[in-house]
Amino acid sequence: MYRSLNADHIIQTIGQLRDRIQERFPGAGLSKVAEELQRIGTEAVTRAEWIARPLLPLRIAIGFLVALLASIILLALANVKISKMWESFADFVQAVDAGINDIVFVGIAIFFLVTLEGRIKRKRALGAIHELRALAHIIDMHQLTKDPEIILTGGPATKSSPKRTMTTFEMSRYLDYCSEMLSLIGKVAALYAQRFNDPVALSAVDEIEDLTTGLSRKIWQKIMIINQSSGK
């Protein structure tokens with residue numbers, strides 16, 4: 001029961017986070033990002049299920065082609081006349097060279113066909129993971145201008161300074177929401193690797209985890225500054 005991620009619980013948690021953001025910061029852009037994360041998470045469930053399922057029509061077609069190639073090789077070997085090959089050493093060398101080339105070509109073709117399903121699934125998984133990577137950077141952009149030191153120490157604003165209307169409590173909650181969203185991005189990414197044991201996809205998921213952890217660490221440094229200033 002607790003040995004795999006529950007996709008429904010992840011989507012439910014994202015929905016609750018979206019509601020919390022909307023209630024705390026009505027009309028904030030971060031709530032739109034949370035809505036997009038929920039949409040991507042819902043799509044991830046469908047995509048992950050598709051990736052985990054075997055593509056039976058493709059497997060049947062590949063099996064037929066591999067059997068056809070194997071039959072061609074066996075038929076060619078059956079028609080080789082060994083006695084005539086030994087009549088001339090040059091003919092023998094030429095025949096062996098041609099045979100090796102054919103075997104290598106057929107081997108490459110079989111390898112391409114056998115790995116085709118995995119490459120199709122990998123491409124779809126990597127495309128979805130790229131969306132999560134982009135969303136993580138968007139969240140980082142939202143928290144970028146939330147500087148607790150400006151609120152705590154004050155100071156004159158410039159013409160190009162961003163508007164700072166949040167209290168320390170509101171900023172703490174805003175930053176905490178950003179950190180939670182980054183954590184959930186990592187969980188959504190893990191759905192793709194849960195039932196798809198592809199080394200390239202697993203590496204991409206690990207990169208998402210490293211990215212979101214690093215971004216979240218920066219956010220928590222800001223939260224710690226706020227907590228220290230308030231004596232928490």
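A few points about this structure:
- Test for Ala134: is it outside any helix (DSSP H, G or I), loosely packed, with under 15 Cβ neighbours inside 10 Å and over 9 Å from the mean Cα position of the chain (by Cα): no
- Sole residue being of a type in the set (S, T, N, Q) and modelled with pLDDT of 90 or more, chosen from Ser203, Ser229: Ser203
- Yes/no for Thr212 being assigned by TED's automatic domain parsing to the domain that holds Ile21 and under 25 Å from Ser229 (Cα atoms): no
- Each residue in region 115-138 was checked for being in contact with a Ser or Thr (Cβ under 8 Å, 6 or more places away or on another chain) and modelled with pLDDT under 90, and 0 pass.
- Selection count, region 9-56, where residues are over 24 Å from Ile138 (Cα atoms) and acidic (Asp, Glu): 1
- Residues considered: Thr213, Thr168. Of these, the only one that is closer than 25 Å to Arg47 by Cα and surrounded by fewer than 17 Cβ atoms within 10 Å (Cβ to Cβ) is Thr213.
- Pick from region 1-15, criterion hydroxyl-bearing (Ser, Thr, Tyr) and closer than 16 Å to Arg195 by Cα, ranking: modelled with the lowest pLDDT: Tyr2
- Residue that is modelled with the lowest pLDDT, among those in region 30-86 that are in a loop (DSSP other than H, G, I, E, B) and not β-branched (Val, Ile, Thr): Trp86
- The residues of region 193-220 include none that are closer than 19 Å to Ala52 by Cα and in contact with a Cys (Cβ under 6 Å, 6 or more places away or on another chain).
- Ile185 being among the β-branched types (Val, Ile, Thr), closer than 18 Å to Ile21 by Cα and at pLDDT 90 or above: yes
- For region 139-165, the candidate set comprises residues that are crowded, with 16+ Cβ neighbours inside 10 Å and assigned to a helix (DSSP H, G or I); within that set, the residue that is modelled with the lowest pLDDT is Ile151.
- When Leu175, Leu202, Leu182 are checked against the criterion of being in the same structural domain as Arg24 (by TED's automatic domain parsing), of a type in the set (A, V, I, L, M, F, W, C) and either in a loop (DSSP other than H, G, I, E, B) or surrounded by fewer than 18 Cβ atoms within 10 Å (Cβ to Cβ) (or both), Leu202 stands alone in meeting it.
The values are calculated or read from the model by the stated rules, or taken from the named source; none is laboratory data. Model, not experiment: these values are computed from the prediction. Ideal geometry is used to build each Cβ from the backbone, glycine not excepted, and the neighbour counts take in all protein chains shown.
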